[in-house]
Amino acid sequence: MLLPAQIIQKKRDGKALTEEEIRFFINGFTSGELPEYQMSALAMAICFQGMNFDETMWLTRAMVESGKIVEWKGRAGTFYADKHSTGGIGDKVSLILAPLVAACGVKVPMISGRGLGPTGGTLDKLESISGFNVNLSLDDFKRITDRVGCCMIGQTAEIAPADKKFYALRDVTATVSCLPLIVASIMSKKLAENVDGLVLDVKWGSGAFMRTRETSADLAKALVEVGKRYGKKVCALQTDMNQPLGRRIGNALEVRECIEIMNGSTQADDLLEVTLALSAEMLLMAGAAKNVAAAREILQKKLANGEALHKFAEMIAVQGGDAKVCDDWKRLPSTKQAKPIPAPKTGFVQSIECDQIGYAVIVLGGGRRVAADKVDFAVGFEEPKKIGDAVKAGEPLMIMHYNDETRAAEATRMVRDAYRIEDKEVNTRLPLIVQKIE
Ligand code: URA
């Protein structure tokens, strides 16, 4: 008979666990037979001792098999693909990518998350659109994906329930930042979604879980390897998260930016670039383009002719939301007030503590301090100064949208402290897309 304390002790002492031991823990925890304190102890032991690749695979498999695996109706000849980001500040790529890739004929079923730590969540952004329902049944998710081409929902009780429960526990036991646990968490959801192709956006930097290029590359390699062992087409792009992506940060503001990119009224170069790069990989996997250049041409066309925006509107409507926002972003929630945050000194932006910008959005009310918090969708920031930009003392570092003066004062302090401004010009820029891992 397996004793939980002995398994914890084995991992605590740096030994590798067997598939049976891992499955025993995951099944017991999911069913409620094993208490949270034992699962927490094992998670912490894994954080300190790590897991080898086989253990990571077994953990992923046990979590996938804790729930249902989606069966797709339109399988024959249809390619289902998803994109997953490890999370960042101003990362709104999914909102453009899903309708854009769907407009190219690839089915994009997306199970997304809420804000996590300083990073924003796709579900919170979508819910800033009046009426948008992210809590659909698995049957509706499948039906809408097959009919419209894309659908975006939250994790259901049927998909990888072990991860749902384990993630909530990790969140409050300081066991989120741990490579094998992150790999199993992300991949269990994506493998249960049962897509043919998966593109991963693995971020690195001051606004990402992985602070260094090296740790983020290790994460990308492990995610890709697990996907491959499952027979999926999978690749990862390692991308920069040392500064906010795009020109707006905060739920409704980010939806507005996506609409503006899809209607051609703005060209946020870094956001559009990451979106096109990830979308192109999805088209390549689906066989919808011969090479990256051809894929980008198709994607640019779908943006320019309005098909991507039209697909976004179609998805919003079928998920109960106010699709008219696509013609008029002013229908999105807005704040009572907006004001610039003045730069404390003259010089060039050397670096940004990007996570602090994410936390400042939470302070304004745009994210949750505790799980039960109600989100103020309207608050956030726009037009942030980026690394290398010249700035004069008193000029705006960014524009703050807010509803509460006390919160605004705290957020202002955080943003000013997050910027390091010095006299010297910045000659070397960090690459936006570091490398492709496949
Ligand atoms: N996103 C997830 O889904 N899981 C993690 O563990 C970290 C980021």
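A few points about this structure:
- Test: residue in the range 397-416 that is under 21 Å from D240 (Cα atoms) and among the acidic types (D, E): no
- Candidates are the residues of the range 1-52 that are among the polar types (S, T, N, Q) and more than 17 Å from D171 (Cα to Cα); the one that is most open to solvent (accessible area, probe 1.4 Å) is Q6.
- Positions within the range 88-100 being more than 16 Å from the ligand (Cβ to nearest atom) and small (G, A, S), in sequence order: G90, A98
- Cβ separations smaller than 8 Å between residues 6+ apart or across chains give the following pairs from the range 63-90 residues that are more than 30 Å from L245 (Cβ to Cβ) and in contact (Cβ under 8 Å) with a residue 40 or more places away in the chain to residues that are part of a loop (DSSP other than H, G, I, E, B) and of a type in the set (V, I, T): G67/I159; K68/I159; W72/T78.
- Of all the criteria given as (1) under 21 Å from D404 (Cα atoms); (2) within 25 Å of the chain's Cα centre (by Cα); (3) open to solvent by 10 Å² or more (accessible area, probe 1.4 Å), the one not satisfied by Q337 is (2).
- From E225, E214, E257, residue being part of a helix (DSSP H, G or I), over 17 Å from I437 (Cα atoms) and acidic (D, E): E257
- Residue tally, condition part of a helix (DSSP H, G or I) and within 14 Å of the ligand (Cβ to nearest atom), over the range 43-61: 6
- Hits in the range 253-296 (condition: open to solvent by less than 10 Å² (accessible area, probe 1.4 Å) and within 17 Å of the chain's Cα centre (by Cα)): E254, V255, E257, C258, L271, V274, T275, L276, L278, S279, M282
- Taken over the range 183-203, the criterion of being open to solvent by 10 Å² or more (accessible area, probe 1.4 Å) and more than 14 Å from the ligand (Cβ to nearest atom) is satisfied by N194, D196.
- Cross-chain or 6+ apart pairs with Cβ under 6 Å, the range 413-424 first and of a type in the set (A, V, I, L, M), then in a helix (DSSP H, G or I): M414/Q356; M414/A360; V415/A360; A418/Q356; A418/I357
- Condition met for G105 (part of a loop (DSSP other than H, G, I, E, B), in the same structural domain as S216 (by TED's automatic domain parsing), more than 16 Å from the ligand (Cβ to nearest atom) and more than 30 Å from Q356 (Cβ to Cβ)): yes
- Matching option when the condition is in contact (Cβ under 8 Å) with a residue 24 or more places away in the chain, more than 16 Å from the ligand (Cβ to nearest atom) and either open to solvent by less than 30 Å² (accessible area, probe 1.4 Å) or not basic (K, R) (or both), among G231, G227, G250, G207: G250
- Within the range 68-87, the set of residues being away from the ligand (no atom under 16 Å from the Cβ) and in a strand (DSSP E or B) comprises Y80, A81.
- Considered as a group, the residues in the range 150-187 that are hydroxyl-bearing (S, T, Y) and part of a loop (DSSP other than H, G, I, E, B) include one that is modelled with the highest pLDDT, and that residue is T175.
- Test set (1) surrounded by fewer than 24 Cβ atoms within 10 Å (Cβ to Cβ); (2) away from the ligand (no atom under 16 Å from the Cβ) - G121 fails condition number: (2)
- Some residue of the range 373-385 being without any contact (Cβ under 8 Å) to a residue 12 or more places away in the chain, outside the structural domain of G115 (by TED's automatic domain parsing) and within 26 Å of the chain's Cα centre (by Cα): yes
- Screening R147, R143 for residues that are without any contact (Cβ under 8 Å) to a residue 24 or more places away in the chain, more than 10 Å from the ligand (Cβ to nearest atom) and either assigned to a helix (DSSP H, G or I) or on the phi < 0 side of the Ramachandran plot (or both) leaves exactly one candidate, R143.
This table checks each residue for (1) open to solvent by 10 Å² or more (accessible area, probe 1.4 Å); (2) in a loop (DSSP other than H, G, I, E, B).
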site: M63; (1), (2): no, no
site: S66; (1), (2): yes, yes
site: I89; (1), (2): no, yes
site: P99; (1), (2): no, no
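The values are calculated or read from the model by the stated rules, or taken from the named source; none is laboratory data. Computed from a prediction, not measured in an experiment: that's the story for all the values here. All Cβ positions, even for glycine, are placed from backbone atoms using ideal geometry, and neighbour counts span all protein chains on display. Quick note on the areas: whole protein, heavy atoms, side chains included, nothing else; ligands and nucleic acids left out. Shrake-Rupley method; radii C 1.70, N 1.55, O 1.52, S 1.80 Å.
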